[in-house]
Amino acid sequence: MPHAAEPPLPGGSALAHAEATLRSGARFLAAGLQAGAGVPAPITGRFRAKVIGNGLRELDRFLNVLADEAAVAGGIRPARSDRNTANKLRTLFPGQPAGEHDRLVALARARACLFYCSGMVTRGDVRGSQWLTVGWSDPGHAGRLRRFAVGAELAITSEDVADICGFYVGIATRLRAMAGDASPSVQRSPSPPSPASSVPS
């Protein structure tokens with residue numbers, strides 16, 4: 001996700017910079033991967049799934065770094081080498097909101113499907129399963145994550161991407177509040193745009 005990270009600002013804490021980077025990345029991805037000067041670059045064509053998958057991988061990496069900095073700010077020594085964000089959050093910050101861990105795990109599977117398999121669902125949640133649960137909401141079933149059958153194409157829309165970005169920003173907000181870091185030197189990036197102005201389907 002090029003140009004997503006914001007440059008460090010003088011006097012800001014590592015936690016504040018990590019949060020600003022995640023928010024900037026979320027805004028960038030939800031807006032459709034800006035191509036400079038605020039001009040949208042439509043995600044279309046042969047590599048659409050891989051580009052989106054890579055963007056989601058970067059967003060998850062930003063959250064992983066933010067979790068490390070939130071832990072340090074709270075007096076906890078994180079395992080910085082652990083790249084599994086879902087497990088890291090569960091280990092460092094017990095008492096996660098219901099469903100957060102499962103959603104992060106589902107997003108990891110969806111990212112892998114998009115990035116490595118061009119969005120074609122080749123395996124389910126577990127061995128023998130005929131369904132892959134992904135990390136965004138099912139519009140037909142309130143409160144449930146969407147599922148795709150093995151053999152189907154993992155279709156992801158602008159609304160789905162905005163939903164994912166909002167989810168990551170929500171976690172960032174909670175981690176910052178838990179760490180109690182109120183550094184005034186770094187301004188927060190705006191939250192991701194509404195689905196109506198996000199990634200072209």
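Observations, loosely collected:
- Rel. contact order, % - alpha carbon contacts under 8 angstrom, at least six apart, the stretch 85-148: 24
- Amide H contacts under 5 Å for G119, placed H, 5+ residues apart: L114
- Net charge of Cβ neighbours under 11 Å - reference P78; Lys, Arg +1; Asp, Glu -1: 0
- Packing here is the average count of other Cβ atoms within 10 Å per residue, and on that basis the peptides 92-101, 79-88, 59-68, highest first, run 59-68, 79-88, 92-101.
- Formal net charge of residues neighbouring F93 (Cβ-Cβ distance under 14 Å; K, R +1; D, E -1): +1
Read-outs throughout are calculated quantities, based only on the coordinates presented, and are distinct from any laboratory measurement. All figures in this text were calculated on a predicted structure; none of them were measured in a lab. Reconstructed Cβ throughout: ideal geometry from the backbone, glycine too, with neighbour counts over all protein chains shown.
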